[in-house]
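Worksheet: the structure to be examined is printed underneath.
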Amino acid sequence: MKSIKEIRDETFERLGLKEENSGVFYGKWEKYDPEKSIEVRSPIDGTYLGKVSVASPEQYRNAVVKMEKEFVEWSETPAPQRSLAIKAIADGIKEKKELLGRIVSLEVGKVTTEGQGEIQEMIDVGYFATGLGRQIYGLTMASERPYHRLYEQYIPLGVIGVISAFNFPSSVWSWNAFIAATVGDTVLWKPSSKAALSSVAVMRVIEDIMVKESIPGIFALVNGRGREIGELMAEDKALPLISFTGSVKTGKHLAEKVASRLGKTILELGGNNCAIVSEKADMKVALKGVAFGALATAGQRCTSTRRVIVHEKIYNEFREKLKNIYEKAKTGNPLEDGIIVGPMIDDDAVSNYEKAIAKAVDQGGRVVTGNKVLERKKGYYVQPTIIEARYGMQITKEETFAPILYMFKYSTMEEAMKIHNDVPQGLSSAMFTTDLREEEYFLSARGSDCGLANINTSTAGAEIGGAFGGEKDTGGGRESGSDSWKLYMRRQTVTKNYGKDIPLAQGVQFKIE
Ligand code: NAD
């Protein structure tokens, strides 16, 4: 196995990355500024990967102005033509999939298959957007007035601000950017400071494709700290919509700021996702679904399974089988074959893991397996942990971004749903059962209160074709597939009179000489 440094050197060379990279792009790359840069180290073993410079307030402003200029022509370009540009970008990303996926693994520690999956998601959204280019439609309504036509049309919003989280360093941007660009917007992206390198790699690849295919410069990248560039974006009236992905705490703060200027937001915030395992579940399917949901990305997915509620009749059997899977799942270098659980993003994440377990025990939880920090100097590794919990324990209502799974026992569906829904967040949910009635209960108004409901599959790992997002503290946003495109446009109701008089609605009379 090559060292992380060797893998980095080879990947950098093939992607044209340098040790010191500008993190600011708007048609051209700003000069690298050593005074204002982020140092990137791999969570795999602490290897130094390089530096990325951040945007000054002036560079931020220049990027916004450039996106405003590009919007004028781009929004006038027919949508089917715009969507072919996105197709060309998706084709180009496909050629670089392996390399881009490796950068994601090096920078945020995803196991190889998940790093590759992240880039596949970009390609998938690109192809979804290609079809969307011919499916932007509005309704036509029957007018109550003679010789009148009443319909709605969708008009692009302008420059869309995208602020993304560290754990999906490229795909979440593409969910927004490819859909927004197809409907005629331009896009300004502020990635997480913990994932600056992935953003530069993506933008370098896209820049090459844009030059080759003569695509206008509709995407800008402004790396920077949340409290600097993120705050500027929140306050900036030039951005009619901010699509924000991140924690509930930061999302609430941002939403208040954007709302105070009556801007729009798409909020994709934290989850506290739960799976219910019925006595009528297929045990093998349920075990695999819960284990994948809880262990993938070392519990650092917004959709990670954080709670499992198991029917009392199979509770002990399920717990022992799951424990066995956990104890066999290999933790380590995510680029090595056979590794299931990679590193945590940083030392703070390890501390949060420790604190959450201590609180859970303090509140009456019992550790079934795990509860050990494996490494925190050369990379950040923890043992995935299962904790038997009781309904009402405060820590189980919080999102800890770590591989910790709380187990509950239930006897009736009513009880299971009560435990399931009694948390502030509402992103993803799952029910494992072969009973149609239980399934339909779970999917009814008395059932899951989440934006995503899964039957016999994991809370994690959504497809791009559906609208992605959650309820309650998760923020209510929807992104990616279905009709999420509407959020990147404004709806205009058009009334046209082609008669020789001007009849008024509701029969109102207006008599003038
Ligand atoms: P975070 O909230 O710390 O940061 C998210 C982004 O907000 C980053 O780009 C950060 O720089 C920026 N930011 C920080 N302060 C800001 C401010 N004052 N104004 C504007 N922007 C600011 O989140 P994180 O640790 O990067 O990601 C993990 C969180 O994201 C988890 O809670 C996870 O559930 C959530 N998440 C949600 C989804 C979803 O689709 N619902 C997807 C991925 C991650």
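The values are calculated or read from the model by the stated rules, or taken from the named source; none is laboratory data. Computed from a prediction, not measured in an experiment: that's the story for all the values here. Cβ atoms come from the backbone with ideal geometry, glycine included; neighbour counts cover every protein chain shown. Just so you know, the surface numbers come from the protein's heavy atoms only, side chains and all, with ligands and any DNA or RNA stripped out. Shrake-Rupley method; radii C 1.70, N 1.55, O 1.52, S 1.80 Å.
Checking the a/c ratio against 1.5 first, then a/b against b/c, what shape does the Cα gyration tensor give for segment 134-269? Oblate is the answer for segment 134-269, as a/c is 1.5 or above yet b/c matches or exceeds a/b. Applying a threshold of 31 Å to the alpha-carbon distances of Lys280/Lys486; Lys190/Lys418; Lys2/Lys94; Lys110/Lys252; Lys18/Lys377; Lys359/Lys418 flags Lys280/Lys486; Lys190/Lys418 as lying beyond it. All C-alpha to C-alpha distances of segment 318-423, sorted into 10 Å bins beginning at zero, yield P(r) values of 14, 42, 33, 10, 1 percent in whole numbers. The peptide list 352-360, 504-512, 109-117, put in order of mean Cβ contacts within 10 Å with the highest first, becomes 109-117, 352-360, 504-512. Distance between the 7 Å Cα→Cβ label points at Tyr391 and Val72: 6.2 nm. Excluding Glu268 itself, calculate the net charge of residues whose Cβ lies under 11 Å from the Cβ of Glu268, where each Lys or Arg counts +1 and each Asp or Glu counts -1. Once all neighbours under 11 Å are counted, the net charge is 0. Using the alpha-carbon centroid of each, what span in Å lies between segment 267-301 and segment 381-412? The two parts, judged by their Cα centres, are 12 Å apart. Each listed q (0.14, 0.19 Å⁻¹) maps to a log10 I(q)/I(0) for segment 401-513, found by the Debye formula over equal Cα scatterers with no solvent: -0.70, -1.10.
Between the beta carbons of Thr493 and Leu443, assuming R0 = 25 Å, the FRET efficiency works out to 0.15 to the nearest 0.05. A protection proxy built from the mean count of other Cβ atoms within 10 Å ranks the segments 25-37, 337-349, most packed first, as 337-349, 25-37. Taking a label point 7 Å from the Cα of Arg366 along the Cα→Cβ vector, which residues of segment 298-334 have an amide N closer than 20 Å to it? Label zone hits: 307-327. Using C-alpha pairs under 8 Å with a sequence gap of at least 6, the mean separation divided by the residue count of the chain gives a relative contact order of 17 percent. With an a/c value of 1.5 or above and a/b not larger than b/c for the gyration tensor axes a ≥ b ≥ c computed over the alpha-carbon atoms, the chain is described as oblate. Within the accessible surface of segment 424-513, defined with a 1.4 Å probe on protein heavy atoms only, the carbon and sulfur portion equals 49 percent.
Estimated from the Cβ-Cβ distance and a Förster radius of 41 angstrom, the FRET efficiency linking Glu98 and Thr140 is about 0.30. What the phi angles of segment 232-243 give under the Karplus curve with 6.51, -1.76 and 1.60, with θ = phi - 60°, is a coupling list of 4, 5, 4, 8, 7, 5, 5, 10, x, 9, 10, 9 Hz, glycine and proline written as x. Take the Cα of Ile339, step 7 Å toward its Cβ, do the same at Asn421, and the gap between the two points is 4.2 nm.
Among 194-203, 303-312, the peptide with the highest mean count of other Cβ atoms within 10 Å heads the list, and the full ranking is 194-203, 303-312.
What FRET efficiency, computed as 1/(1 + (r/R0)^6) with R0 = 22 Å and r the Cβ-Cβ distance, is obtained for Gln506 and Leu262, rounded to the nearest 0.05? Efficiency computed from Cβ-Cβ geometry: 0.15. If a spin label sat at a point 7 angstrom from the Cα of Arg149 along the line to its beta carbon, the backbone N atoms of segment 477-497 nearer than 12 Å would be those of 494-497.
A crude spin-label estimate for the pair Asp282 and Lys2, with each label 7 Å from Cα along the Cβ direction, gives 4.0 nm. Applying both filters, DSSP loop and at most 11 other Cβ atoms within 10 Å, to the chymotrypsin sites (Phe, Trp or Tyr not before Pro) of segment 126-169 gives Tyr137.
Counting Lys and Arg as +1 and Asp and Glu as -1 over every other residue whose Cβ lies under 14 Å from the Cβ of Val361, the net charge comes to +2. Straight-line cross-link partners of Lys355 among the aspartates and glutamates, defined as a Cα under 19 Å from its Cα and at least 8 positions apart when in the same chain: Asp346, Asp347, Glu375, Glu388, Glu398, Glu399. Residues whose amide H comes within less than 5 Å of that of Thr369, counting only those at least five positions distant or on another chain, are Ile386 (H built at 1.01 Å from N in the peptide plane). Relative contact order for segment 230-310: 28 percent, from Cα pairs under 8 Å spaced at least 6 residues apart, divided by residue count.
Does segment 273-464 classify as rounded, prolate or oblate by the C-alpha gyration tensor (a ≥ b ≥ c root eigenvalues; a/c under 1.5 gives rounded; else a/b over b/c gives prolate, otherwise oblate)? Prolate, since a/c reaches 1.5 and a/b exceeds b/c. The slack between Glu354 and Asn316, meaning 0.36 nm per residue of separation minus the straight C-alpha distance, is 11.1 nm.
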